[in-house]
Amino acid sequence: MIKHVRVDHRLLHGQVAVAWLQSLDVDCILIANDEVVNNDITKTTLKLARPSNCKLIFKTINDSIKAIESGVTDSYKLFIIFENINDALTLTRETKVIKSINLGGTKHYEDSKNLSKTVSVTKEDQDNLRKFMSEFPNVEIEIRALPNDQKIILKEI
């Protein structure tokens, strides 16, 4: 069962490992990212942030889709983390099981627009978010760095 879905360019770090995992009842983190799967240094670094009571899995976006569709993830209380909005949109399109997306942190670029202190969006991100809201009007997209922060619902800003 998918418990939480987050977009955070840092993937797994202290804020996620401590604050989010304490507030969520999860036993498995899925890092869905094509680059990380093949980067042993990044995987080793991310493993250092993994809480001992939680399994950590790295899969490409396509392998993540296959795992969700096959039902192999159903036995876990799953927390999915994406590096970017495009990957979250791709998985949502293919699986149609995502109910809510938490935008927690995105990279800031020179041409980015700030939606919050931790979320900046490029033109491509803005286009993807519009597609998201158009294609999946029942999927809540919220901005929140920490679980105790006030939710900012994207449709409302």
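The values are calculated or read from the model by the stated rules, or taken from the named source; none is laboratory data. Small disclaimer: the values here were computed from a predicted structure and weren't measured. Using ideal geometry, Cβ is built from the backbone for each residue, glycine included, and neighbour counts are taken over all protein chains shown. Please note that ligands, DNA and RNA were not included when accessible areas were found on the heavy atoms of the full protein model with its side chains. Shrake-Rupley method; radii C 1.70, N 1.55, O 1.52, S 1.80 Å.
The residues of the stretch 9-68 that are basic (K, R) and assigned to a helix (DSSP H, G or I), listed by number, are K43, K47, K66. Would you check if there is a residue in the stretch 87-102 being of a type in the set (S, T, N, Q), at pLDDT below 95 and under 19 Å from L11 (Cα atoms)? The answer is no; no qualifying residue exists. Residues that are over 18 Å from T92 (Cα atoms), open to solvent by 20 Å² or more (accessible area, probe 1.4 Å) and assigned to a loop (DSSP other than H, G, I, E, B) within the stretch 113-144 comprise L115, S116, K117, T118, T122, R144, listed in sequence order.
Of the residues making up the stretch 97-112, those that are buried (at least 18 other Cβ atoms within 10 Å of the Cβ) and either aromatic (F, W, Y) or outside any loop (DSSP other than H, G, I, E, B) (or both) number 5. All conditions but one from (1) under 15 Å from the mean Cα position of the chain (by Cα); (2) at pLDDT below 95; (3) not polar (S, T, N, Q) apply to A49; the one that does not is (1). The condition of being at negative phi and in contact with a strand residue (DSSP E or B) (Cβ under 8 Å, 6 or more places away or on another chain) holds for only one of S75, S64, S70, S52, that being S64. Please verify whether T73 is open to solvent by less than 50 Å² (accessible area, probe 1.4 Å), in contact (Cβ under 8 Å) with a residue 60 or more places away in the chain and in contact with a helix residue (DSSP H, G or I) (Cβ under 9 Å, 6 or more places away or on another chain), treating the condition exactly as stated. Yes, satisfied.
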